Amino acid sequence: MHTQMAEMVAYWLPKDGTPAAEWEDGVAYSRQSGWFAVADGASTGNSSREWAYTLASTFVADRSAQALHDDSSQSFLDWVDTARARFDPKSPEFPVSRMPEWVQAAGDRMGAHATFIGGRLDDGHVRAVAVGDCCLFHLHAASGRTTAFPLSEPGQFNSNPRLLSSLGDRDHQLADAVRHYRAPFAPGDVVFAASDAFAEWLTKGIDDPDVWKALSGIGNKGFRRLCQDLRMSRRMKNDDVTLWRASVPERSKR
Amino acid sequence: MYSQPIDRLHPGCILLLVDQSASMQESFGGRAQTKADALAQAVNRLIRNLVLQCQRGEEVRDYYHVGILGYGKTVGPVLGGSLAGQHLVPVSLMADYPLRMTTEVLPGTDVSVELPVWIDPKADGGTPMTAAIDLAGSIIVEWANHNLDSFPPIVVNISDGFATDGDPRSIAAQLRQIRTSDGNLLLFNINLSTEALTPIEYPNSPVHLPNPYAVGLFEMSSELTPFMMAVARGMDLPVGNGARGFVFNADPAKLSEFLDVGTRVSQVTDR
């Protein structure tokens, strides 16, 4: 199967009542290489949005097979170090800080933080690595069941997920937080990656085929409507939302 | 009740009433530092923490309106510089306009950091607590009228002694009647001790309080909200059901702890 031919699309929405510029997740993917990533900047601290963007974009640009090695968390944390080296919140591509210098300095001392999931579709497999509560959902066409990774139940989501810091001084505490996923990716399978609010809702309906059917064909408008409905009915918390989807077109199955 | 999340459309309000009477120049909790020094330090630290809680993206968001009233020789707002004379200030303006910056070395490191200062120690005159509570009411009622759906205002009164301008209990009861749709104003009291005495923290009954003055402060104090109770329990503080936001004979550590617990709202969202 040529997984590099997978169709990929991402949807995102800021918190209700906030402008698009305040969306603090990051998402990146490449159909050609099969690499993808979703990151969610922590709400407190400055530059978390920029850190989430840097993590996602650097992961996809680097294509570091080392980062996906599932024999050790250190390989992934070594890659995070390379992302840190490229992290520049004062880059012209980001909004200019309007904070007083002392606030900026205090924020810099605390560092920026984000949860992360990144992976690759290739050689008939999906591989992923995660820290925190960004999740991957793998719909297996053959069995009709869905695998959730790294969290699979609503009760596992809380307000204190494990985070990747822009400062490297606490990486030694993250060794047990790095999770790996690897599974065959068969024709007809679909893979989603989502930041925590949407992922939490998905774990509630993980056994509902209608949810996955709807999401497999959802477009921008449909996604926006769905999120608004979930927020209004309080079935999903009002948070930034990101959903990435990969699937193999019918013609590639043959 | 007491569950409205804080966001820019529903900001919170924190008003500190700080005793600036002459007795505040006495030592605090048996230590060399004066009560006035420790109070100014704790208030500056609290405001700094509030500002840092409000940094999002490239800005400080106005999740709180903050005020500091002093009572001693005079009664009134104590912010200075560009904020002089202002009663309640959006937290982004607090961030922009400290009185000055001081340099401190971070404990256990050789790293120097610039820390903002908004108030300086002051100790002069009597203890016109009743007038301060009265002024607080006139400020807060206006705020509540403009922020009807916000988390209720929090007023923290920090003093080392008796009111010298009459019994403050009835005016405090009136203050606590100010409300938003999310509940009544929360009034908390902390009594600072000159000597190193055993503090009485968050009592839920006046039974063990040592004198009528302490009982009066207990009666003036609101109960902690469920969220504050959870925060206090998370800090291993002794809070039972119905615990009031009141500490008697506090030392410097208890002062900082109290300001941390008493200014916690249910949730600050990112909007």
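Numbers below:
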| item | result |
| --- | --- |
| Looking only at segment B:2-43, and only at residues there that are among the acidic types (Asp, Glu) and part of a loop (DSSP other than H, G, I, E, B), the one that is surrounded by the most Cβ atoms within 10 Å (Cβ to Cβ) | B:Asp7 |
| Considering residues of segment A:7-47 that are among the polar types (S, T, N, Q) and modelled with pLDDT of 90 or more only, the residue farthest from the chain's Cα centre (by Cα) | A:Gln32 |
| Of all residues making up segment A:84-142, the number that are closer than 23 Å to A:Asp240 by Cβ and acidic (Asp, Glu) | 4 |
| Selection count, segment A:124-171, where residues are among the polar types (S, T, N, Q), part of a loop (DSSP other than H, G, I, E, B), under 30 Å from A:Phe87 (Cβ atoms) and modelled with pLDDT of 90 or more | 1 |
| Answer from B:Asp149, B:Asp167, B:Asp96, B:Asp160 - the residue that is over 23 Å from A:Ala106 (Cβ atoms) and within 14 Å of another protein chain (Cβ to nearest Cβ) | B:Asp149 |
| Elements of type helices (runs of 4 or more DSSP H) in segment A:1-88, at least 1 residues being crowded, with 22+ Cβ neighbours inside 10 Å and among the charged types (D, E, K, R) | A:48-62 |
| Members of segment A:201-223 found to be in contact (Cβ under 8 Å) with a residue 60 or more places away in the chain and either at positive phi or not β-branched (Val, Ile, Thr) (or both), listed by number | A:Leu202, A:Asp207, A:Pro209, A:Trp212, A:Ser216, A:Asn220, A:Phe223 |
| Residues (charged (D, E, K, R), part of a loop (DSSP other than H, G, I, E, B) and out of contact with any strand residue (DSSP E or B) (no Cβ under 9 Å at 6 or more places or on another chain)) located in segment B:138-164 | none |
| Search result, residues across segment B:221-263 that are surrounded by 18 or more Cβ atoms within 10 Å (Cβ to Cβ), modelled with pLDDT under 80 and either farther than 30 Å from A:Thr18 by Cβ or within 14 Å of chain A (Cβ to nearest Cβ) (or both) | B:Asp251, B:Pro252 |
| From A:Asp108, A:Asp88, residue being among the acidic types (Asp, Glu) and either closer than 21 Å to A:Tyr29 by Cβ or modelled with pLDDT under 90 (or both) | A:Asp108 |
| Scope segment A:207-235; condition modelled with pLDDT of 90 or more and within 14 Å of chain B (Cβ to nearest Cβ); matching residues | A:Arg231 |
| Residue identified as within 30 Å of B:Asn49 (Cβ to Cβ), under 17 Å from the mean Cα position of the chain (by Cα) and buried (at least 18 other Cβ atoms within 10 Å of the Cβ) among A:Phe137, A:Phe116 | A:Phe116 |
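The values are calculated or read from the model by the stated rules, or taken from the named source; none is laboratory data. Here the structure is a predicted model, which means the values were calculated and not measured. Virtual Cβ from ideal backbone geometry, glycine too; neighbours counted across all protein chains shown.
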